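Working notes for the structure below.
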Amino acid sequence: ATERTLSIIKPDATRRNLTGKINAKFEEQGLRIVAQKRIKLTKEQAEGFYAVHKERPFFNDLVAFMITGPVVVQVLEGEGAVAKNREIMGATNPANAAPGTIRKEFAESIEANSVHGSDSAENAATEIAFFFKPEEIVG
Ligand code: CMP
């Protein structure tokens, strides 16, 4: 079925001017960018977005990293978009990411891993609503 997923191009990638190259991967592999904005997250937004990871040892560093520069938040649409985006991104740790994936080609480390993608359809709905009003998404 056609789905939507939330994607974030992270500060390590915007800093290296990789937004276009990353978007090309999504588009070449059949995902459509139906909403997109470049923003600077506040600490409160980063903490709120990653609240599920609050108890993890990497939480504070992750929040600090996510506010080091602009991010591009986007909604990707397509057949099985949640799973497809996870394939396009590759494993969280770039050391384990498959050839051709965004994280294999561009990520600097497990933290500075260039992109975030929703991990389930349910989380996608929550994450999309965190950043976008319905009328900002144009399918
Ligand atoms: P993301 O998909 O955005 O979800 C949580 C983020 O935490 C992850 O990508 C990484 O950027 C970051 N992170 C840092 N250390 C770890 C770790 N050990 N395991 C998982 N995620 C980590």
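Here are the numbers for this structure:
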quantity	calculated
Check: the stretch 100-139 dipole with +1 on Lys, Arg Cβ and -1 on Asp, Glu Cβ, in debye	100
Segments 1-7, 62-68 sorted - mean Cβ within 10 Å per residue, highest first	1-7, 62-68
Estimated dipole of the chain in Debye, rounded to 20 [Cβ of Lys and Arg +1, of Asp and Glu -1, Cα centre]	400
Under Karplus coefficients 6.51, -1.76 and 1.60, residue-wise ³J(HN,Hα) of the stretch 62-79 in Hz, glycine/proline x	4, 4, 4, 4, 5, 10, 6, x, x, 10, 10, 9, 8, 10, 9, 10, x, 4
Highest-first arrangement of 122-128, 19-25, where packing means the average Cβ count within 10 Å	122-128, 19-25
Whole-Hz couplings from phi, Karplus 6.51/-1.76/1.60, listed for the stretch 109-126; x for Gly and Pro	6, 4, 7, 7, 9, 6, 8, 10, x, 4, 9, 7, 4, 5, 5, 4, 4, 5
Percent carbon-and-sulfur accessible area, the stretch 1-130, ignoring ligands, DNA and RNA, probe 1.4 Å	49
Highest-first arrangement of 47-59, 106-118, 27-39, where packing means the average Cβ count within 10 Å	106-118, 27-39, 47-59
Expected 222 nm ellipticity per residue - DSSP helices of 4 or more, -39500 (n - 2.57), all of the chain, to 500	-10500 deg cm²/dmol
Full-stretch length increase - Phe58, Lys43 - with 0.36 nm per residue and alpha-carbon distance subtracted	3.9 nm
Those residues of the stretch 101-139 whose amide nitrogen sits under 12 Å from the label point placed on Thr2, 7 Å along Cα→Cβ	138-139
Residues of the chain: accessible area per residue with a 1.4 Å probe, Å²	52
Cross-link partners of Lys43 among lysines (Cα-Cα below 22 Å; sequence separation of 8 or more within a chain)	Lys10, Lys54, Lys133
Projected label distance in nm at Glu27 and Tyr50, using a 7 Å step from Cα toward the beta-carbon	3.0
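The values are calculated or read from the model by the stated rules, or taken from the named source; none is laboratory data. This structure is a prediction, so every number in the text was calculated from the model and none was measured. Ideal geometry is used to build each Cβ from the backbone, glycine not excepted, and the neighbour counts take in all protein chains shown. Ligands, DNA and RNA are stripped out before the accessible areas are found, and what is left, the full protein with its side chains, is counted by its heavy atoms. Shrake-Rupley method; radii C 1.70, N 1.55, O 1.52, S 1.80 Å.
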